[in-house]
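Notes follow once the structure below has been shown.
The values are calculated or read from the model by the stated rules, or taken from the named source; none is laboratory data. Remember, predicted model here, so these are calculated numbers, not experimental data. Note that each Cβ is placed from the backbone with ideal geometry, even for glycine, and that neighbours are counted across all protein chains shown. Accessible surface areas use protein heavy atoms only, side chains included; no ligands, DNA or RNA. Shrake-Rupley method; radii C 1.70, N 1.55, O 1.52, S 1.80 Å.
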Amino acid sequence: MTTDKHLKVILVLDIVKLEDHLDIDPYPLGPERPRLDATGMARAFVAKAVLNIPTTRALIDRLNADAMLRRICGFERKAHVPCEASFSNWFARFARLSFPEKVHEVLVREAHKGVPVHNVSRDSTAIDAREKPAARTPKVAKVPKKRGRPAKGESRPAPEQTRLERQQTMSLSDQIADLPNACDHGFKTNAKGISTGWIGFKLHIDTAEGAVPVACVLTSASVHDSAVALPLESMTNARIDILNTLMDAAYDASIIRENTEKLGKFAVIDSNPRRGEKVEFDPPKKLRFKCRTEAERINSNLKDDYGGRYVRVRGAAKVMNNLMFGILALTAMRLATLSA
């Protein structure tokens, strides 16, 4: 019997078209077992995200009990459902290849081809992890700065550049590589002024109009939001044509604003009161900035409905792989809703 949940899985799989992106050779499990191909495994991981199934073990139990879902994923009989170890091996394989990230990029490009997007909202969300935080490198004691002017012929070292300053001369790949992505402690203050902490990572998301995620970057939990603004701006501009980038006060920096304007876009950034007196938006910008709630909606939607709260893997690559299967399914559903 086909239920609404089955139809939802079918709809997502029909939109993402996993088969067009899979060129991974299958491998045999043994003389008595059928060969496992990448398509069935990828479909199962997408179904896991769509149905918000928390663990691989629960996914296998669901496939064994649900004949319709089993056939949708490409497993004809119970005997064809892979074991937990096979799912784990394929998951690691998809993580090494960044498979869901590549499929998501193609999906976003094709959906927005020739269609300008007025607003892109930038935000991050905390990702809890079940692993030990990486040991922090001890801080090197700073040499006290010598007071007064340098003597004739004396040379003093230039002040160390901030990450934002370094990123201005980096390529996109170097910017991403420069961002820490090990599990560690993170702290964030919500809209009510309450500070919360967690152990894990932080997922930075650019969300286009219609609440469609268009670009994502995973970092350590302690990385400040502003450190990911430049690489996200480059990723989003390479995928879609945007007019405005909406950011909260965490991104209030002249380098971020200048970088956005250099790309021919408008930066609508909330004023940070720590820089002095808070500057209020003029009425048009205030109205436009209200669209930024779509970013917060995507954050909660990913966690509540697409597996964002069920990170049971370790390491940045596997965590990102887990989250991107959810982002891929969420993006497909948003595009289906917009085109309905």
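Computed quantities for the displayed model
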| read-out | value |
| --- | --- |
| Label-point gap, in nm, between Thr2 and Glu280 - each point 7 angstrom along Cα→Cβ | 5.5 |
| Using alpha-carbon coordinates, inclination of helix 229-239 to the longest axis of the chain, degrees | 50 |
| Inter-label distance for Asp174 and Leu97, nm, one decimal - labels placed 7 Å from Cα along Cα-to-Cβ | 3.1 |
| Out-of-range pairs (alpha-carbon distance over 18 Å; input Lys102/Lys132; Lys202/Lys290; Lys5/Lys48; Lys8/Lys102; Lys17/Lys102; Lys202/Lys318) | Lys102/Lys132; Lys202/Lys290; Lys8/Lys102 |
| Cα radius of gyration and Dmax for the stretch 1-141 (Å) | 18.6, 67 |
| R0 of 35 Å, Cβ-Cβ distance Glu154-Phe187: FRET efficiency to nearest 0.05 | 0.30 |
| Whether the stretch 161-251 is rounded, prolate or oblate, judged on the alpha carbon gyration tensor where a/c under 1.5 counts as rounded | oblate |
| Over the chain: helical MRE at 222 nm, DSSP H runs n ≥ 4 each giving -39500 (n - 2.57), nearest 500 | -13000 deg cm²/dmol |
| Acute angle (nearest 10 degrees) that the helix 56-65 long axis makes with the longest principal axis of the chain, alpha-carbon atoms | 30 |
| Probe 1.4 Å, protein heavy atoms only - accessible area per residue of the chain in square angstrom | 54 |
| Net length gained if the chain between Val115 and Asn272 were fully extended (0.36 nm per residue, minus Cα distance) | 53.3 nm |
| List Lys113, Lys78, Lys8, Lys48, ordered by accessible area with a 1.4 Å probe, largest first | Lys113, Lys78, Lys8, Lys48 |
| Rounded to whole Å, sorted largest first: equivalent-ellipsoid semi-axes of the chain, Cα gyration tensor | 41, 25, 18 |
| Cα lying deepest toward the dipole's positive end in the chain, options Ala211, Ala267, Phe99, charges on Cβ | Ala267 |
| Angle in degrees between helix 316-339 and the longest Cα principal axis of the chain, rounded to the nearest 10 | 80 |
| Local electrostatic count at Ile10 - Lys and Arg +1, Asp and Glu -1, tallied over other residues with Cβ under 11 Å | +2 |
| The stretch 94-198: equivalent-ellipsoid semi-axes (sqrt of 5 x gyration tensor eigenvalues, Cα, Å) | 38, 23, 18 |
| Options Ser220, Ser171, Gly308, ranked by Cα towards positive dipole end of the chain, top entry (Cβ charges) | Ser220 |
| Only Lys, Arg (+1) and Asp, Glu (-1) charged, at Cβ; the chain dipole about Cα centre in debye | 1200 |
| Which of Arg122, Arg43, Arg309 is most accessible, then next, and so on - probe 1.4 Å | Arg309, Arg43, Arg122 |
| Carbon/sulfur fraction of accessible area - the stretch 264-306, other protein chains in place, 1.4 Å, % | 53 |
| Estimated distance in nm for a label pair at Glu19 and Asn89, the labels positioned 7 Å out from Cα along Cα-to-Cβ | 2.5 |
